[in-house]
Amino acid sequence: MFEELERRSAVVFVHPNASPDPAAHQLGLPDSLIDFTSDTTRAVAQMLYSNRFARTPNVKYILSHAGGVIPYLAGRFAIVDEMNVIPDAEKRQTAAATLRRLYYDTALSFGPPVLNMLREVVGLTQVLFGTDFPYFRRDLAVRCADHMRQTVALSDGEPRAILHGNAQRLFPRLHHVLAVPQG
């Protein structure tokens, strides 16, 4: 499957699933609070250190929920690279370089601390507005978009890039669909 995705230079959206482990549900918390971010982080680590990302350099991966806790753990990934404890490191880029080529959506992850971490770790050109539809209520998603337009964490032009400009660059054939009226 990944060979075909590579051949097509596909865009792949990576979204977690509810944990099948009953222990993950003992607290009665929604999966989106802890498990989704952990699941996404585990998937990225697995794909990085199994060299899956290295073998699919033309695939553009979008990670939901700002990549889980990937931005927070970027320094730890750098330490693992420096320690050279995972086999076949010569076949892949550093974690930092790989993380900078991935895309991150803002579903449930749109506050200033997350945006600042994304800016620092991957750059805001890799960030796409996400709504987590159909799991997130529409009114809350609209409020998130309004927050993007008004937050002090973003400077001139950055809200527009995250809300639609970066997606237009990633999906050029959909430019007319993603166009936002001026004003």
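The values are calculated or read from the model by the stated rules, or taken from the named source; none is laboratory data. A quick note: this is a predicted structure, and the numbers were derived from the prediction, not measured. Heads up, the Cβs are rebuilt from the backbone with ideal geometry, glycines too, and the neighbour counts pull from every protein chain shown. Side chains are part of the model used for accessible areas, which takes the heavy atoms of the whole protein and leaves out ligands, DNA and RNA. Shrake-Rupley method; radii C 1.70, N 1.55, O 1.52, S 1.80 Å.
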Working only within segment 1-43, note down all residues that are in a loop (DSSP other than H, G, I, E, B), within 21 Å of PHE129 (Cα to Cα) and either open to solvent by 70 Å² or more (accessible area, probe 1.4 Å) or touching a His at 6+ places or on another chain (Cβ under 9 Å) (or both). HIS15, PRO16, ASN17, ASP31, SER32, LEU33, ILE34
Has segment 133-153 got any residue that is in contact with a strand residue (DSSP E or B) (Cβ under 9 Å, 6 or more places away or on another chain) and either under 16 Å from TYR72 (Cα atoms) or open to solvent by 30 Å² or more (accessible area, probe 1.4 Å) (or both)? no
Scan segment 96-147 residue by residue and report those that are under 30 Å from VAL80 (Cα atoms), out of contact with any Ser or Thr (no Cβ under 9 Å at 6 or more places or on another chain) and part of a loop (DSSP other than H, G, I, E, B). LEU102, VAL122, GLY123
Within the bounds of segment 47-64, is there any residue that is among the small types (Gly, Ala, Ser), within 27 Å of GLY111 (Cβ to Cβ) and at pLDDT 95 or above? yes
Is there any pair with a first residue in segment 1-28 that is among the hydroxyl-bearing types (Ser, Thr, Tyr) and a second that is modelled with pLDDT of 95 or more and surrounded by fewer than 14 Cβ atoms within 10 Å (Cβ to Cβ) whose Cβ atoms are under 8 Å apart and which are 6 or more apart or on different chains, and what are they? SER9/ASN58
Within segment 81-94, which residues are aliphatic (A, V, I, L, M) and more than 17 Å from ARG52 (Cα to Cα)? MET83, VAL85
